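The values are calculated or read from the model by the stated rules, or taken from the named source; none is laboratory data. Note that the structure is predicted; figures quoted are calculated from it, not measured. Neighbour counts run over all protein chains shown; Cβ positions are idealised from the backbone, glycine included. Accessible surface is based on the protein model in full, side chains and every heavy atom, while ligands, DNA and RNA are left aside. Shrake-Rupley method; radii C 1.70, N 1.55, O 1.52, S 1.80 Å.
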Amino acid sequence: MTYRRHALSFIAAASLLALTPSWASAQTKPLKILVGYPAGGAVDVVARQVAEEMRVLGYNAIVENKTGAAGQLATDAMLAAPADGSTVVFMPGGNATIFPHVYPNLRYSMADLKPLASVCSFTFALGVGPGTPAKTLKEFVDWAKANPGKASYGTPGAGTAMHFMGVMFGRQAGIDFQHVPYRGGAAAMTDILGGNIPALATTLPNLVTHHKSGKLRILAFTGEQPLPGLPGVSTFKDLGYPDLRISEVFGLFASSKTPAPVLVELEKAMVTAAKSPRLVAAIEKLEFDSEVLNSADLSRKLKADFERWGPVIKATGYTADK
């Protein structure tokens, strides 16, 4: 009887193992998720939520912040690590679609990166503070034309989607809109709230809380349609700027040299993590939109964005490595 019980126990255990998802083999192998931005920022916060879900799926996932060069150092470090799927980078899609147009000496291209999955999407917005009396986008354009040299906008950094969003808006509105780049969004937010700069172009989620509290005003955002949670805030499209329809994603990327079976396994796990109810709720609480794209769909989106940004950036004549 004892032998029979042990035999049945062994069979039961073997059956459970057979039902365990394929990614459980990664249990003993750490998954390092590199983030090229400071701890506590939007990219970092979302990455840590992703890591938590990956741990639920059996990965020993850790987040490591490797800041510098507008997020490039983290991508460089991922590509320098063994291409075995143990190191990935979590970053905005713009690092893959905009940076190749902006940095002539960029050490990677889209061909070096394998998009695995997106976690969320977001749009951008233009907000104003006490540095301008404007309460609507039209009033801001009129104010800028009446006060040459005073209209400027801060962004979390040069060479970003927000930088070029401001360039596009300034040109289409016919105003001299001077860009003021900051090293991250926190300093830019401090200056707009203090009236040191009149406007700020940043991600929409970064502005929502201050807009609702009355500390600043969102004049317009780059989405396709107005949001129920932001009554009275219009899209650029609806205000006469149809080209200013821009969305971005946060996604996970591996080296394109990673073996295909490993990439398939990682993609499956990351899509599963991104769709988990807990992560979706956490994403939405941060004012981002849950948008899960698998590797193929994310690759198509990034390719389209890359081709879209090329002519826009070329027209500005801007490069970061002058």
Which condition number does residue 70 fail, the rest of (1) in contact with an Asp or Glu (Cβ under 9 Å, 6 or more places away or on another chain); (2) on the phi > 0 side of the Ramachandran plot being met? (1)
Name the single residue, out of those in region 63-101 being farther than 22 Å from residue 317 by Cα and among the β-branched types (Val, Ile, Thr), that is most open to solvent (accessible area, probe 1.4 Å). 67
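What's the total number of residues in region 265-296 that are in a helix (DSSP H, G or I) and either surrounded by 15 or more Cβ atoms within 10 Å (Cβ to Cβ) or basic (Lys, Arg) (or both)?
Quick first cut of region 265-296, residues in a helix (DSSP H, G or I) only: 265-274, 277-285, 295-296.
Narrowing the set further to residues that are either surrounded by 15 or more Cβ atoms within 10 Å (Cβ to Cβ) or basic (Lys, Arg) (or both) leaves 265-274, 278-280, 282-283, 285, 295.
Here the count works out to 17.
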Taking region 305-322 only, how many residues are free of Cβ contacts under 8 Å to residues at least 12 places away in the same chain and either within 19 Å of residue 112 (Cβ to Cβ) or open to solvent by less than 40 Å² (accessible area, probe 1.4 Å) (or both)? 1
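Pick out the one residue from 117, 201, 111, 144 that is surrounded by fewer than 22 Cβ atoms within 10 Å (Cβ to Cβ) and in contact (Cβ under 8 Å) with a residue 12 or more places away in the chain. Steps first, please.
Numbers: 117 fails: surrounded by fewer than 22 Cβ atoms within 10 Å (Cβ to Cβ); 201 fails: surrounded by fewer than 22 Cβ atoms within 10 Å (Cβ to Cβ); 144 fails: surrounded by fewer than 22 Cβ atoms within 10 Å (Cβ to Cβ).
Going through 117, 201, 111, 144 in turn, just one is surrounded by fewer than 22 Cβ atoms within 10 Å (Cβ to Cβ) and in contact (Cβ under 8 Å) with a residue 12 or more places away in the chain: 111.
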Does region 124-138 contain any residue that is buried (at least 19 other Cβ atoms within 10 Å of the Cβ) and within 30 Å of residue 278 (Cα to Cα)? yes
The correct count of residues that are open to solvent by 50 Å² or more (accessible area, probe 1.4 Å), charged (D, E, K, R) and either under 14 Å from residue 124 (Cβ atoms) or modelled with pLDDT under 95 (or both) in region 230-264 is 3
Could you give every pair whose Cβ atoms fall below 7 Å, whose first residue belongs to region 283-300 and is under 19 Å from residue 210 (Cα atoms) and of a type outside the set (Ser, Thr, Tyr), and whose second residue is open to solvent by 30 Å² or more (accessible area, probe 1.4 Å) and not in a helix (DSSP H, G or I), counting only separations of at least 6 or pairs across chains? 283/290; 284/290
